[in-house]
Structure formats: C-alpha cells, structure tokens
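> Quick one: the structure is below, questions incoming.
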Amino acid sequence: MKFNLKKDGLRILGVVAAALLMAFNLKAFVHVGGLYPGGATGLSVLIQRAAERYLSWHLPYTPINLLLNAIPIYIGFRYIGKKFTLFSMIQIVCTSIFTDLLPSVTITEDPFLIAIFGGIILGFVISVCLRLNATTGGTDFIAIYLSQKRGLDSFNVILAINAVILITAGLMFGLDKAMYSIVYQFVSTQVLHMLYRKYRQGTLLVVTTKPQEVADEIYRVCGHGATILEGEGSHEHTEKKVIYSVVSAAQTDQAVSTVKKVDPDAFVNVIRTEKISGRFYVEPEE
C-alpha cells in the first residue's frame, strides 16, 4: 500500500471536507426533520432516538456509528482494497466526530424541503467520496463488494436493509417521518446516479472502416474488449464493420472521442445497458 504525499494529501483533504458536509447534513436536515437515512447512518440515528425516547439516554453518535461499521470495514479490507478502506475509515471517523461536535442548525422546518435538499447534499457527498476512491461506509461497502467482486445487483439487498430501518422507524416514531425519509433517500439516489456512473455500463455500436484500430483503442482507453461484426451499408451497399463493446458508463464519452480520433467518419451509437451477464472488467479500488 503505497502513498503519494501530494495526491493522497489532497485526497485526505477532500474526504475530510466531505465528512464535514455529511455531518452538517445530518445536523441541519436529518436531525431537524426527524429523518432516517439508509444503512449504518440511519441505524445509528434510530438507535440514538430510541435510547433517548425509551431509556432517556443521550448516546453519542460516534461509538454507535463506528461499531455498526466494523463488519463493513472488515469486508472492505478483506475484499475491496486496503487503501480504499483506509480513506473510507477517515471519512467515517471524521463524520462521526463532526456530527457530535456540530450544533443543530435550523435552515427550514418544512419537512418536504428538508427531504429534498438533504437528499441532494447526501447524494453529492457520496459521489464526491466515490470519486476520491472512498465511501461513506455502512452499506456502501456491501454494495461495492456485490457489484465489483460478485457481479450482483446490490440494489435489492440495500433496499431490503433500508426498508427494515424505515419500517422500524415508522412504527416507533410515526409513518410521516418514514415517508419523508423515503423521499430523502430517493433524491439522494437520483443525484448519485447522475454524478457517479462507474458501476453502470454503456453499449457501444461503432460502424467503421477501421475495425481493428478502433477495437484496439477502445481496449487501450477503457480496458474492455470488443466484437467485430460484418455489416453492409444499405444505401451504398459498401462493406462495413460493426464494433460491439460494453464499457463503463463513465467511460462512454472518452470512448466516443477516441473512436472519432481513429476514424472521423465512424458512426457511433451509445446505448444504456440495463444488465450484463458474463465477465466484465471493473478496475479494482486501491
């Protein structure tokens, strides 16, 4: 596990800044609106509020959140990447400490606005952490493990975990809070999907007269192979080749630009890929 002083120093600053924004979101939106995020964060908040209501205990956020993240952190170290997990731990610890230190701030008391803007901030924070090769912890580790190592769609697993948290919160503290929490999580998910696309795929269909050169460049830039198909232009009846390749959705713009440099006359169609079955290379986390 090697470190670059400049690169990793900036990475740490980014992770700490994201942690501060995450803690602000918890205190200014989640706490004020009585919302319940997903994963370990939501479970930590639920435990805090349950202890306060039923036992009159004011539990700090930090030890609860760190304890709940113990198993996901082990999964990260064991199966995802040591450096990735280390930076994620920095994010988790900083978020926990900042959450206990920052005072609650009331920006608005409108629960719908709280759910919308709190969700936007959460989605932004998660996307920033993922771009810095870190995560906010909890179910994020599980999602990455299932997507990267097992090739499974983690959506249903994470949805089930969050559903249990929301149902429990709704029964204990009111269904209205649970429903606003669903809006909060939905908005954060949409923002995340818009800003971070590494674990989604796009299909490239390239009609070209330079098939091998195009296929070689796609492999060089994206790390993915291609299939060369025979084709014929319907208008001029000239022989064409069709390159079929599936790349990460985050790489599609770069792939199209690369294809156009090799063959300016190439016709490129990018299709959103819903599901793939088979070997697909995903660059491992550091």
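> Could you check Met22 against (1) within 14 Å of Thr135 (Cα to Cα); (2) at pLDDT below 90 and say which number it fails?
(2)
> Oh, and also: Hey, does region 53-69 have a residue that's over 21 Å from Ile116 (Cα atoms), surrounded by 13 or more Cβ atoms within 10 Å (Cβ to Cβ) and small (Gly, Ala, Ser)?
No; the residues of region 53-69 include none that is over 21 Å from Ile116 (Cα atoms), surrounded by 13 or more Cβ atoms within 10 Å (Cβ to Cβ) and small (Gly, Ala, Ser).
> Given (1) among the charged types (D, E, K, R); (2) surrounded by fewer than 18 Cβ atoms within 10 Å (Cβ to Cβ); (3) in the same structural domain as Ile114 (by TED's automatic domain parsing), where does Lys177 come up short, assuming only one miss?
Lys177 satisfies every listed condition except (2).
> With the requirement that a residue be of a type in the set (Gly, Ala, Ser) and farther than 21 Å from Met194 by Cα, what does region 236-260 give you?
Answer for region 236-260, where residues must be of a type in the set (Gly, Ala, Ser) and farther than 21 Å from Met194 by Cα: just Ser245.
> Oh, and also: Across region 253-272, which residue is nearest to Thr203 (Cα to Cα) among those that are in contact with a helix residue (DSSP H, G or I) (Cβ under 9 Å, 6 or more places away or on another chain) and crowded, with 16+ Cβ neighbours inside 10 Å?
Looking at residues that are in contact with a helix residue (DSSP H, G or I) (Cβ under 9 Å, 6 or more places away or on another chain) and crowded, with 16+ Cβ neighbours inside 10 Å, I get Val270.
> Let me ask something additional. Answer yes if at least one residue in region 33-48 is closer than 16 Å to Ala134 by Cα and surrounded by fewer than 18 Cβ atoms within 10 Å (Cβ to Cβ), and no otherwise.
no
> If you don't mind, there's one more thing I want to ask. Can you find a residue that is exposed (fewer than 14 other Cβ atoms within 10 Å of the Cβ), within 16 Å of the chain's Cα centre (by Cα) and either at negative phi or modelled with pLDDT under 90 (or both) anywhere in region 206-223?
No: zero hits.
> If the requirement is being small (Gly, Ala, Ser) and not assigned by TED's automatic domain parsing to the domain that holds Thr41, which of these qualifies: Ala169, Ala255, Ala163?
Details: Ala169 fails: not assigned by TED's automatic domain parsing to the domain that holds Thr41; Ala163 fails: not assigned by TED's automatic domain parsing to the domain that holds Thr41.
The match here is Ala255.
> Here is a further query. Being free of Cβ contacts under 8 Å to residues at least 60 places away in the same chain and in contact with a helix residue (DSSP H, G or I) (Cβ under 7 Å, 6 or more places away or on another chain) is the filter here, so list the residues in region 27-64 that pass it.
Result: Ser44, Val45, Ile47, Gln48, Trp57, His58, Leu59, Pro60, Tyr61, Thr62, Ile64.
> For region 175-185, indicate whether the set of residues that are under 18 Å from the mean Cα position of the chain (by Cα) and small (Gly, Ala, Ser) is non-empty.
Looking for residues that are under 18 Å from the mean Cα position of the chain (by Cα) and small (Gly, Ala, Ser), one finds none in region 175-185, hence no.
The values are calculated or read from the model by the stated rules, or taken from the named source; none is laboratory data. Computed from a prediction, not measured in an experiment: that's the story for all the values here. Quick reminder, even Gly has a Cβ in these numbers, built from the backbone with ideal geometry, and neighbours come from all protein chains shown.
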